[in-house]
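For reference, the structure is listed below as structure tokens.
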Amino acid sequence: MIMSDKEKKDKKKADKTEETQPRVGVYVCHCGGNISDVVDTSKVSKIIGEDPNVAVSKDFIFMCSDPGQKMIADDVKANHLDHVIVASCSPRLHEMTFQRVVSDAGLNPFQYQHVNIREQVSWVHSHQHEEATDKSIRLIRGAIASVLDQPPLEPIKKKMIQSAAVIGGGVAGMTAALDLANRDIPVHLIEKGPVLGGNLLNLDKLYPMEIDAKSFALNLADKVLKNPAIYLHLDTVVDKTEGAIGDFMLQLKKTEESTVNKENFAVSLTEPEKNPDYDISVLHVGSFIMATGHDLYEPYEGEYGYKKSPFVVTLPDLIKYLNIYRGNTFVYKGKEIKTVAMIHCVGSRQIEGVHQPPPSGILNTNCSRVCCTTTLQQANRLKSLFPKIQIYDLYRDIRTYGEKEHYYEEASKNNVIFIKYPDEESPEVEINGSLKIKTRDIITYGLEVEMEVDMIVLAVGLIPRIKPHIITDLSLPTGNNGFLQEAHVKLRPVESSVQGVFLAGTAQGPKDVRESTTTASAAAAKAGAILTKESINLSPFVAVVDTDKCQGHALCVNECEYNAITIHDKGVGESGVKIASVDPSACVGCGACVAVCPEQAIQVQGYDINKLEKEISAIMLEVKQ
Amino acid sequence: MSEEPRILIITTTSCSYPGVDNAGQKHLEYSPHSYVLNVPDPVMFPISFYLKAFDLGYDGIFIASCGTDSPFRKTYDKLSARIDELVKEMKKLGIHYSRVKLTAICTVCADHFVKELKEFSETIATLPITEVPAVESAGMESS
Amino acid sequence: MYEYDALIVGAGISGIQSAIDLGDMGYKVLMIDKQSSIGGTMIQLSKVFPTLDCASCITTPKMSTAFHHDNIEVRTLCEVKHYKDLEDGRFEVILKQNPRFVDMDKCTGCNDCAEACPVAAIDLGYDEGMSYKKAVGVPFATALPQKAALDIESCIFCGKCANACPTQAINFDHREEEIPINVGAIVIATGFYETPTIREKYGGGKFKNVITGKQMERLLAPTGPAGGVFRPSDGKSPGSIAYVQCAGSRDATIGVPYCSSICCMFAIKQAMLLSAAVPLAEITVYYMDIRAFGKGYEDFYEEAKAMGVEFVKGKVAQIHEDDETKDLTVSVEVFGEDGGIQKVDHDLVVLSMGVVPQWTADMSKIIPVQLGPDRFIREIRFTEEPGLTSIPGVFAAGMATGPKDIVDSINSGSSVAGKVALWLSGGLREEYEVQYIPLIPTLGK
């Protein structure tokens, strides 16, 4: 007799329950007092130990430490545990740690369940010790009920398309593309403009090595053009994105008009000789890197006199002008400029009620990181070009961190006059034939100062780009300020929460060029690590159909936004009966299909509704004192 | 133990679970009679699941969704529609509509979460205790 | 002779990150650290900004991943003694394995030796001088390897530990050993020290209630020495705590002209943690510029202000200690509306000391990488390809090349791993021909 998988599973389950009582190991962590100062961990472990399904119940100072991990591994072997539960910090920290421990000890990782009794118990109920202890017991009971109902799961293997795409041809994009291509991974470099170089093209010398930005860009672009493994797509945007790690589909579209004026920049950047016009409109890549860069904050009309007077300019405007200006005295628009005021934090570090948000409507509360140093670099440049020029620097905090402090020292030696204005009281600019600035200086104990200047330079901040298609298509998360959000701020700075998508450069947040190349190389290293493999393991948390229950109503097919479900004949000899099946690499595991199935025949693996009902039911059992 | 209402909090892996964690990291305080059940997206739950929870004795269900920030396509629209249906069903069974609440909690919305949960809990505490008629869970296997 | 693809010197967060990334790519890695446990500075910290994740909680998984990785071998109490560039893309290195006086194979980490040890020496390592430690024992709760080590300097050779050890693991016969290895690439990730010079005007290191930022980290850590924040002079809970920013950097007179990049943020973070740990204490931060430049840092700073931490722009001229009470008076020129010279009493003062590299000119005699003007390891392609040192095939990551916070150190570790992979696959050879001459005066000198 041939049994279906389901029957085998049921049989196995039945055999198991008949033959043996489950043997669960439960471990309660003190977290060095973080938990045990509030939760009575030894009581928890004692009461849980009374459950007939629990073979081992222990508490320990640091479950995550090596002795803690070893304790679990040893118990699994010595006490023949079939399921393990650790009650400790958030699963976001250590679920994987313990899954690895149990799988090394011979169990399936899904025979492990994690219970959060720190972030969601001891830290939030610190004054209610009894209640916190009661809650911990209930949560662990829920986990026991749940884990006992969870069949072992295996990761789903997926073939890897061993080529990459990099979106954005600025410094980060070019660096990432080169790093990948130099490891023999074919790369599609997609740039929406007609030239490579991105924001580099607006810069002067790159601090602190004072490398010429344009030759830097040329150098990189030259390498990109010469690299046979890089396929360049200029004037191209990604119109549509689909798929998942291993196989992302990017549909490309040529832009109608370019946003950058070609004539200003070096020709060689725009003439990719080796690069005939590839007629590729659909790419398939295994992984891609977002290097879409930033926009510069555009001051609104009247902000510090911007657009009301031609002598109120942004810092990038000044840089561009100085890059081409060749006079002995500083003449701008026919006027000799003898005094300049530079105002920091224009469009960054914005405060609610004080500043007007950019057009996106979201206040840019972030510090833009690069403007302080660039402002002082340009102040020093003005001083060296025109030694008699008088410069006022109006700032909130001078943020020349690291070795960049030398620019601050240099500016002080150059007699730049620093005025610290109050955070919540921006300087006022009056245009009356001349430019007059009124502010208060904290350094001189809040003295009101007034100065007349010939030019005002606004150190504008870096703001996120308007969301391109790709972000919305794949639902790449963005943070509070609109920059792309990394998977973990501290530990996974170049990974997106969408697997296989990496972040480089200022798309993730303000960075200088060195920091952009660092993150680009880091993203390329991470992408390279998966792209050199022929297949990868995917999450098993996808929808599966119970072929016995499915009646072929197809409600799930219509509900799925990812086209992951199809209906087909059940099998030979049963023609007429149609049932659903799921493509696991297209399924994202959202569960939209689950709720609409009248037979409950489709479930997301790991989140079976019946299992979850058992969990919430176990939580409601009273704890006997 | 006190008579405080018991609340089932449904969270999502990408938004509200980290958000609830964030309340912990900030050492905020909320009712200990609240229990988190985490899923990829609450859109997976049929109406019967919520009714089952009331049946089990939960006094309220707090759905902390991703709102429009959901990483999944169109799930929030579907979820809100389902909760509207749920409320109608609850009315039929004599369960007060305030016992279910759909919110959106982001990864760092700790303060917002605590405030919403507190209000929810206080609202429920003022409601008369309802006897929830037993609901047959469609998926329960007989064993 | 053992062969590896890469040798990583220093097992702090950036070294660990490099090791994991290289290991994941399939390269064989040897990671060494001169301490008796891996983890570096990060494992000593309390919590990290701006997420307030507990540092130990997010470091231990990374430590554990590296330590148990199939492609990574770890050696502690180990240093580089000799180095030779074989000029064929490989290096011969002789490692100095310092004696542990505990047989690693026998030790179970039970710590009975520490229980038996009668020594109480000041713990200048993990606890930054804030506690006493035994001469033998497992270095700290989350140490890896979880094995005892014996500190021969403080040992009085009473033999009690050897008697107490259930597995006879204590072994006084251990001697320094030389281990020759052959490697394809070297990553220097030796990190930083707090600036060691405490200026006379801040007490020159003699005032008991003037402590450094890192000492405060230990007091705040859940694994800390006292289970709370106290005044070292009398153990009392401080009612008023002051931070002096830039106490050991942005100051050419002590040889640290650069900004250390991390002190503003760790002071803000500590201030926030102190408001919870010592709720009644008033916390004042004396600063010249608050440098909250990273992603989300400015919001974090605003949050601290909202919590009531007082940020005072001012220059601290002098700290005075009362001979009897050991209370402190800070003379400070306060800027702002009611500014001027003020004398303010504080119970505890924390100096934000800044950072200096652990890699020294002497170490550059062993592996001859050039140092930059700020005495960090010079990166020859600083802007274009961070991490490349003056020697092809030798790379540097993390704080070894300049001040960085944890995020930047992790980025640096990953990017260097990528560069090492390029080097090992035969690339990156021509990059060394281009050498820019830095134009900025101070860096060019």
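Among the candidates C:VAL74, C:VAL93, C:VAL80, the residue that is more than 20 Å from the chain's Cα centre (by Cα) and at pLDDT 95 or above is uniquely C:VAL93. Residues in the range A:476-500 that are of a type in the set (Val, Ile, Thr), closer than 15 Å to A:LYS526 by Cβ and surrounded by fewer than 23 Cβ atoms within 10 Å (Cβ to Cβ): A:VAL498 only.
Scanning the range C:375-415 for residues that are at negative phi and in contact with a Ser or Thr (Cβ under 8 Å, 6 or more places away or on another chain) yields a count of 26.
Candidates are the residues of the range A:589-625 that are in a helix (DSSP H, G or I) and in the same structural domain as A:GLU559 (by TED's automatic domain parsing); the one that is surrounded by the fewest Cβ atoms within 10 Å (Cβ to Cβ) is A:VAL596. Would you please name the residue that is farthest from A:CYS590 (Cα to Cα), looking only at residues in the range B:98-112 that are of a type outside the set (Gly, Ala, Ser) and modelled with pLDDT under 95? Per the criteria, the residue is B:ASP111.
Specify the residue that is nearest to the chain's Cα centre (by Cα); the eligible residues are those in the range C:21-49 that are under 23 Å from B:THR107 (Cα atoms) and buried (at least 23 other Cβ atoms within 10 Å of the Cβ). Only one residue tops the list, namely C:VAL48. Looking only at residues in the range B:7-23 that are buried (at least 22 other Cβ atoms within 10 Å of the Cβ) and at the interface with chain A (Cβ under 7 Å from one of its Cβ atoms), the one that is farthest from A:ALA132 (Cα to Cα) is B:PRO18. For the range C:330-355, a residue qualifies if it is in a loop (DSSP other than H, G, I, E, B) and more than 12 Å from chain A (Cβ to nearest Cβ), and the qualifying residues are C:ASP347, C:SER352, C:MET353. Any idea which residue in the range B:88-130 is nearest to C:THR51 (Cα to Cα), counting only those that are among the aliphatic types (A, V, I, L, M) and surrounded by fewer than 16 Cβ atoms within 10 Å (Cβ to Cβ)? Checking each candidate, the answer is B:ALA125. Would you confirm whether or not the range C:254-268 contains a residue that is surrounded by fewer than 21 Cβ atoms within 10 Å (Cβ to Cβ) and more than 11 Å from every other protein chain (Cβ to nearest Cβ)? Checked the range C:254-268: at least one residue is surrounded by fewer than 21 Cβ atoms within 10 Å (Cβ to Cβ) and more than 11 Å from every other protein chain (Cβ to nearest Cβ).
Residues of the range A:387-403 that are at the interface with chain C (Cβ under 7 Å from one of its Cβ atoms) and not aliphatic (A, V, I, L, M): A:ASP397, A:ARG399, A:THR400, A:TYR401, A:GLY402, A:GLU403. If the condition is being under 16 Å from C:ASP289 (Cβ atoms) and not charged (D, E, K, R), then the range C:307-329 contributes C:PHE311, C:VAL312, C:GLY314, C:VAL316.
Let's see how each residue does on (1) closer than 19 Å to A:LEU322 by Cβ; (2) touching a strand residue (DSSP E or B) at 6+ places or on another chain (Cβ under 6 Å):
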| residue | (1), (2) |
| --- | --- |
| A:CYS345 | no, no |
| A:ILE351 | no, no |
| A:THR375 | yes, yes |
| A:ASN380 | yes, no |
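Out of A:LEU322, A:LEU315, A:LEU296, I need the residue that is in contact with a Ser or Thr (Cβ under 8 Å, 6 or more places away or on another chain) and surrounded by fewer than 19 Cβ atoms within 10 Å (Cβ to Cβ). Which one? After ruling out the rest, the residue left standing is A:LEU296. Within the range A:573-580, can one find any residue that is touching a residue at least 12 places away in the same chain (Cβ under 8 Å), surrounded by fewer than 22 Cβ atoms within 10 Å (Cβ to Cβ) and either closer than 28 Å to A:ALA143 by Cα or touching a Pro at 6+ places or on another chain (Cβ under 8 Å) (or both)? Within the range A:573-580, not a single residue is touching a residue at least 12 places away in the same chain (Cβ under 8 Å), surrounded by fewer than 22 Cβ atoms within 10 Å (Cβ to Cβ) and either closer than 28 Å to A:ALA143 by Cα or touching a Pro at 6+ places or on another chain (Cβ under 8 Å) (or both).
Across the range B:30-70, the number of residues qualifying as facing chain A (nearest Cβ under 7 Å) and touching a His at 6+ places or on another chain (Cβ under 9 Å) comes to 2. Taken over the range C:31-57, residues that are at the interface with another protein chain (Cβ under 9 Å from one of its Cβ atoms) and either farther than 21 Å from C:ALA271 by Cα or of a type in the set (Lys, Arg) (or both) amount to 1. For the range A:34-48, the tally of residues that are over 32 Å from the mean Cα position of the chain (by Cα) and either surrounded by 23 or more Cβ atoms within 10 Å (Cβ to Cβ) or not in a loop (DSSP other than H, G, I, E, B) (or both) stands at 10. Confirm whether A:SER617 is modelled with pLDDT of 95 or more, more than 34 Å from the chain's Cα centre (by Cα) and facing another protein chain (nearest Cβ under 7 Å). Yes: the conditions hold for A:SER617.
Could you tell me which of the residues B:THR103, B:THR107 is in contact with a helix residue (DSSP H, G or I) (Cβ under 8 Å, 6 or more places away or on another chain), within 13 Å of chain A (Cβ to nearest Cβ) and within 17 Å of B:CYS15 (Cβ to Cβ)? Sole residue among the options that is in contact with a helix residue (DSSP H, G or I) (Cβ under 8 Å, 6 or more places away or on another chain), within 13 Å of chain A (Cβ to nearest Cβ) and within 17 Å of B:CYS15 (Cβ to Cβ): B:THR107. Would you be able to say whether some residue in the range C:356-365 is part of a loop (DSSP other than H, G, I, E, B), in contact with a helix residue (DSSP H, G or I) (Cβ under 9 Å, 6 or more places away or on another chain) and buried (at least 21 other Cβ atoms within 10 Å of the Cβ)? The answer is yes, given that some residue of the range C:356-365 is part of a loop (DSSP other than H, G, I, E, B), in contact with a helix residue (DSSP H, G or I) (Cβ under 9 Å, 6 or more places away or on another chain) and buried (at least 21 other Cβ atoms within 10 Å of the Cβ).
Limited to the range C:157-184, what total is found for residues that are among the basic types (Lys, Arg) and surrounded by 13 or more Cβ atoms within 10 Å (Cβ to Cβ)? Number of matching residues: 1. Restricting the range A:452-487 to residues that are among the small types (Gly, Ala, Ser) and within 14 Å of chain B (Cβ to nearest Cβ) leaves a set whose member that is farthest from A:SER309 (Cα to Cα) is A:ALA487.
One residue alone among C:ASP374, C:ASP408 is modelled with pLDDT under 95 and either within 19 Å of the chain's Cα centre (by Cα) or assigned to a loop (DSSP other than H, G, I, E, B) (or both), and that residue is C:ASP374. A:LEU382 falls short on exactly one of the conditions (1) over 30 Å from A:GLU301 (Cα atoms); (2) away from every other protein chain (no Cβ under 13 Å); (3) part of a helix (DSSP H, G or I), and that condition is (1).
The values are calculated or read from the model by the stated rules, or taken from the named source; none is laboratory data. Please read all numbers here as calculations on a predicted model, not as lab measurements. Cβ coordinates were reconstructed from backbone atoms using ideal geometry, including for glycine residues, and neighbour counts include every protein chain displayed.
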